[in-house]
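Everything below concerns the one structure shown next.
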2 protein chains.
Amino acid sequence: MAGSGALETLVEALRRLPGVGQKSAQRMAYHLLQHDRLGAGVLAQALERAVASVQHCQRCHTFSEAPVCPVCRDTGRDRRQLCVVESPADQAALERTGSYHGYYYVLMGRISPIDGQGPEQLRADGLLARALDGEVEEVILATSFTAEGEATSHVLGESLRARGLKVTRLARGVPAGSELEYVDLSTIAHALVDRR
Amino acid sequence: MAGSGALETLVEALRRLPGVGQKSAQRMAYHLLQHDRLGAGVLAQALERAVASVQHCQRCHTFSEAPVCPVCRDTGRDRRQLCVVESPADQAALERTGSYHGYYYVLMGRISPIDGQGPEQLRADGLLARALDGEVEEVILATSFTAEGEATSHVLGESLRARGLKVTRLARGVPAGSELEYVDLSTIAHALVDRR
């Protein structure tokens, strides 16, 4: 292995992937070179294509190859609702439920002081501009129910409400299929408060 | 996310990496596009360079950019010893000990019937040709002490001994720094048998 510059460079480059350390990177490099050289080429091309063509949707800020993403281009959705999510993955989860028909705004992050992500980094002004287009009546905050997600939701909710918009938050409660006995107490307490 | 062909292609390509499932691949793709586009380009180039330039050393079969790897080119090593390892990572571990000065033969695999890796797939003939160069006096089998590693060692040892070579195996025993109380019984039993 000593002196094999290309191999070492590849291991170093693989370590840039989140969650990949030295051992995993080495294993990945060996695997590609030994068993899947075709895959290495495919991955290289996919990376280059994605970097070249994936930008942010001008309306909802999600990843998109077109200036405006397919969801924002869909004129059949409900213009009165705007759902704020942290990531394209969260948006995809909501879409899979089939029970939301409005538009989205994707924050591409959340407030996380530990990572140096304050309210400024969230580009909340983009959300405000989007929400104040005159057609949106309700902003649904669907950030995560973690400390960062809650903080994000709180900060965004304040400035949206200050501009006269109706702001709602996804309901907290007992997950479908759960037996109460095994649900954590904080969730049960929230479900009690939010009972309907 | 829907319809973003380049993003989906990238997620699919990342899933070819060992140990990377749908969720990890998605996280990696989002991370690269959102926070490290430079890294994505670096990785693409490293992959292409490695696929184009990394081949197998003609003598020891490890990964090498040159026809013969730097270790095999090093004329200062002991030609009488040949150490058989499963992978370049294992070779690197032995090198780091600083206590072996012979040459290596890297199997690039091991016998693993579950994965369809029989003795034929191991290219044992390459090892035999290398070991029978007239200078090698001792072949040290340094495959793993797992079921597959032991099977590999057994099969290779048989054919090497049949050709009159001295064959040894790394010692099994109590790891450095261990308290006997916490060492597994099979290891202690082996350490007893191999006591010196």
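A Cβ distance below 8 Å, combined with a sequence gap of six or more or placement on separate chains, defines the contacts here; from the range A:160-177, residues that are more than 16 Å from A:E137 (Cα to Cα) reach residues that are surrounded by 15 or more Cβ atoms within 10 Å (Cβ to Cβ) and among the hydroxyl-bearing types (S, T, Y) in the pairs A:R172/A:T187; A:G173/A:T187; A:V174/A:T187; A:P175/A:T187.
Looking at the range B:9-35, I want the residues that are facing chain A (nearest Cβ under 7 Å) and have a partner that is charged (D, E, K, R) and not in a helix (DSSP H, G or I) with Cβ atoms under 7 Å, at least 6 apart or on another chain. Which pairs are those? Close Cβ pairs satisfying both conditions: B:R16/A:D36.
For the range A:102-118, a residue qualifies if it is exposed (fewer than 14 other Cβ atoms within 10 Å of the Cβ) and away from every other protein chain (no Cβ under 13 Å), and the qualifying residues are A:P113, A:I114, A:G118. Restricting the search to the range A:102-135, which residues are of a type outside the set (A, V, I, L, M), touching a strand residue (DSSP E or B) at 6+ places or on another chain (Cβ under 8 Å) and outside any helix (DSSP H, G or I)? Selection gives A:G102, A:Y103, A:Y104, A:Y105, A:G109, A:R110, A:E135. The criterion of being at pLDDT 95 or above and over 18 Å from A:P18 (Cα atoms) holds for B:Y104. Evaluate the range B:86-101: report whether one residue or more is buried (at least 16 other Cβ atoms within 10 Å of the Cβ), among the hydroxyl-bearing types (S, T, Y), at the interface with chain A (Cβ under 9 Å from one of its Cβ atoms) and part of a helix (DSSP H, G or I). So far as the range B:86-101 goes, no, none of its residues is buried (at least 16 other Cβ atoms within 10 Å of the Cβ), among the hydroxyl-bearing types (S, T, Y), at the interface with chain A (Cβ under 9 Å from one of its Cβ atoms) and part of a helix (DSSP H, G or I).
What residue, of B:L122, B:L33, is surrounded by 15 or more Cβ atoms within 10 Å (Cβ to Cβ) and in contact with a Phe, Trp or Tyr (Cβ under 9 Å, 6 or more places away or on another chain)?
Values: B:L122 fails: in contact with a Phe, Trp or Tyr (Cβ under 9 Å, 6 or more places away or on another chain).
Result of the check over B:L122, B:L33: B:L33.
I want to confirm something. Restricting to the range B:1-40 and keeping residues that are acidic (D, E) and over 23 Å from A:R110 (Cα atoms), which single residue is modelled with the highest pLDDT? Top of the filtered list is B:E12. The residues of the range A:60-80 that are part of a loop (DSSP other than H, G, I, E, B), crowded, with 20+ Cβ neighbours inside 10 Å and either among the small types (G, A, S) or more than 10 Å from chain B (Cβ to nearest Cβ) (or both), listed by number, are A:C60, A:H61. Contact map, the range A:41-69: residues that are closer than 11 Å to A:Y105 by Cα paired with residues that are surrounded by fewer than 16 Cβ atoms within 10 Å (Cβ to Cβ) and aliphatic (A, V, I, L, M), Cβ distance under 6 Å, separation 6+ or inter-chain. Pairs shown: A:C57/A:V68; A:Q58/A:V68; A:R59/A:V68.
The values are calculated or read from the model by the stated rules, or taken from the named source; none is laboratory data. Predicted model, so just to flag it, every value in this text is computed and none were measured. With ideal geometry, Cβ positions are generated from the backbone for all residues, glycine too; neighbour counts draw on all protein chains shown.
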